[in-house]
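The values are calculated or read from the model by the stated rules, or taken from the named source; none is laboratory data. All values reported here derive from a predicted model rather than from experimental measurement. Neighbour counts are summed over all protein chains in view; Cβ atoms, including those assigned to glycine, are modelled from backbone coordinates with ideal geometry.
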Amino acid sequence: MNFKSVLSLFAFLLLGFIQLVSAAKSGTYNAGWKVTNAWTNTDSVFQRETGISRWRVNDGGLFYTYEIQIDVVEVQGVIGGTYVFYDSTGDSYNLMVFREGIHSVSYNSADPYILEVKIVEGYSRFPLGSWLTRELDQSEKKEYIDAIWCLRHLPSHLPSKEYPGARDRWDDFVVSHINYTNVIHFNGIFLPWHRQYLHLWETTLRKECGYKGTVPYWNWALDANDLFSSPVFDGTPDSLSGNGVWDPYQPRPCSATGSCFARGSGGGCVQTGPFKDFKVHMGPFDNSLAQSYAPIPPNAFDYNPRCLSRSLNPYFISLNNNQAVVDKMLAADTFTDFQTIMAPSDPNLPTAHGSGHGTVGGAMADFFASPQDPSFMLHHAMVDRMWALWQDRDPVNRRYALNGTTIIYDPPGAPLATLDSPLEFGVLAASVRLGEAMDPMAYEHCYVYT
């Protein structure tokens, strides 16, 4: 079985122990922190109770006006904890901390004065996805499948007049990907943008659908030699459905720049599994629309309902997603070397990311609207896993390593991607700085892979 799960860091405690949520100690402490760019020491009582030795509230940020910085000298709880900062308006800002040192959270507020700090030891009451890896059993697969079907039954948050194809909450994620396609692929934005996108997907499943698990990942290497036996795509009730029916007229898959490859084994509607009656609502798009500085087409969000199509293609996965490729990626000396294997700026190079999409084919091969396929998030969880594992091999030099621009294909003269570059998500969430999506254990993120 290779339908992998990224399981909560704390889930193992459920085996014979009480959930840390119910057992966690909480405390709320007066702060009285005003905006100042100078570090201010806390008193001995506050430091003893919170582990915070000093603080400052910076202003003047580009996208978030204010930033709380704290110096943690003692981590709260055996595993870690969450700081909740309350400003004078009653708004709160959460920061999960699992190691000593300086930590920060950015925010906007009409009154940034921090009145109180609340501490929650152990597992956060605001689950943000602490992950370990293990295989999913049948019940866990069903829970994830039910959760993503739940999004189909929730209303879109977008205005129907401007986005007629957005019929449900799932479609909100599709719209975001379509809208930003030409600035989030084949460049320096690609990996951090999709890391944050995965986080928003998981958070939405939890908050709006009551999902208790995490986003699984699809370990391509385990399917590289036998794609049709993959438990992700074998068409059983606990898979993500199977292949599309054979379509003799399906064209060969081609890149945005015209490079074409061997066609897949299907091309028509998915016939088996829990998504055999699933409808996609937007697209299809011509991949040639993926161009530097190009606008999205005016009919990008039109309603065009049709079946979920697939064309499983062993050609891609056997060449570019096998174990040898995974090992080579993790052994890369530099971030540029890692990118060259995963997702370089040249669309004509064979890549692990692109080949994952090509392996599934059909809707998943639509460069703009690929999140309409249920396997999209599992594929990108594997992409993120590879990046996180590579970063963890040398965190000092790799955690914030960047290469590339903010425009697709890294054209000459395009703005370089920096830690302050904005990552935009439309209706899904407020923008964040690119630097906030570089560390799986910082800001809104708190997870690990094995």
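Only one residue in ALA417, ALA369, ALA442 is touching a residue at least 40 places away in the same chain (Cβ under 8 Å), over 19 Å from THR181 (Cα atoms) and not charged (D, E, K, R), so which one is that? Spell out the reasoning first.
Details: ALA417 fails: over 19 Å from THR181 (Cα atoms); ALA369 fails: over 19 Å from THR181 (Cα atoms).
One residue alone meets the criteria, ALA442.
Keeping to segment 236-274, report how many residues are on the phi > 0 side of the Ramachandran plot and assigned to a loop (DSSP other than H, G, I, E, B). Let's see the steps before the verdict.
Residues of segment 236-274 on the phi > 0 side of the Ramachandran plot: 241, 258, 267, 273.
Going one step further and asking which of them are assigned to a loop (DSSP other than H, G, I, E, B), we end up with 241, 258, 273.
Qualifying residue count for the region: 3.
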Qualifying residue in segment 175-187 (condition: assigned by TED's automatic domain parsing to the domain that holds ALA290, more than 17 Å from ALA369 (Cα to Cα) and in contact with a strand residue (DSSP E or B) (Cβ under 6 Å, 6 or more places away or on another chain)): yes
Selection count where residues are in contact with a helix residue (DSSP H, G or I) (Cβ under 6 Å, 6 or more places away or on another chain) and without any contact (Cβ under 8 Å) to a residue 60 or more places away in the chain, scope segment 208-260: 0
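Residue under question is ALA363, and the condition is that it be aliphatic (A, V, I, L, M), part of a loop (DSSP other than H, G, I, E, B) and touching a residue at least 24 places away in the same chain (Cβ under 8 Å); does it hold?
Here the answer is no, as ALA363 does not meet what is asked.
Could you list, in sequence order, all residues of segment 214-253 that are surrounded by fewer than 21 Cβ atoms within 10 Å (Cβ to Cβ) and either polar (S, T, N, Q) or under 26 Å from the mean Cα position of the chain (by Cα) (or both)?
Once the filter is applied, which keeps residues that are surrounded by fewer than 21 Cβ atoms within 10 Å (Cβ to Cβ) and either polar (S, T, N, Q) or under 26 Å from the mean Cα position of the chain (by Cα) (or both), segment 214-253 yields ALA221, LEU222, ASN225, SER229, PRO231, ASP234, GLY235, THR236, PRO237, ASP238, GLN250.
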Any hit, segment 217-233, residues being in contact with a Lys or Arg (Cβ under 6 Å, 6 or more places away or on another chain) and in the same structural domain as ALA369 (by TED's automatic domain parsing): yes
Residue in segment 369-404 that is nearest to PRO297 (Cα to Cα), counting only those that are among the aliphatic types (A, V, I, L, M) and in a loop (DSSP other than H, G, I, E, B): ALA369
Members of segment 405-450 that are part of a helix (DSSP H, G or I) and surrounded by fewer than 17 Cβ atoms within 10 Å (Cβ to Cβ): VAL427
Residue among VAL73, VAL84 that alone is more than 28 Å from the chain's Cα centre (by Cα), over 17 Å from ASP439 (Cβ atoms) and β-branched (Val, Ile, Thr): VAL73
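Confirm whether ARG263 is at pLDDT below 95 and either surrounded by 15 or more Cβ atoms within 10 Å (Cβ to Cβ) or in the same structural domain as ASP384 (by TED's automatic domain parsing) (or both). Please lay out each step first, then the result.
Working: at pLDDT below 95: yes; either surrounded by 15 or more Cβ atoms within 10 Å (Cβ to Cβ) or in the same structural domain as ASP384 (by TED's automatic domain parsing) (or both): yes.
Yes, satisfied.
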Residue pairs meeting the criteria (Cβ under 8 Å; at least 6 apart or on separate chains; first within 18 Å of LYS279 (Cα to Cα), in segment 292-319; second of a type outside the set (A, V, I, L, M, F, W, C) and assigned to a helix (DSSP H, G or I)): ALA300/ASN179; LEU308/GLY362; LEU308/GLN372; SER309/GLY362; ARG310/GLY362; SER311/GLY362
Inter-residue pairs, beta-carbon under 6 Å, first over 20 Å from HIS157 (Cβ atoms) and in segment 169-196, second of a type in the set (D, E, K, R), 6+ apart: ASN187/ASP410; ARG195/ASP384
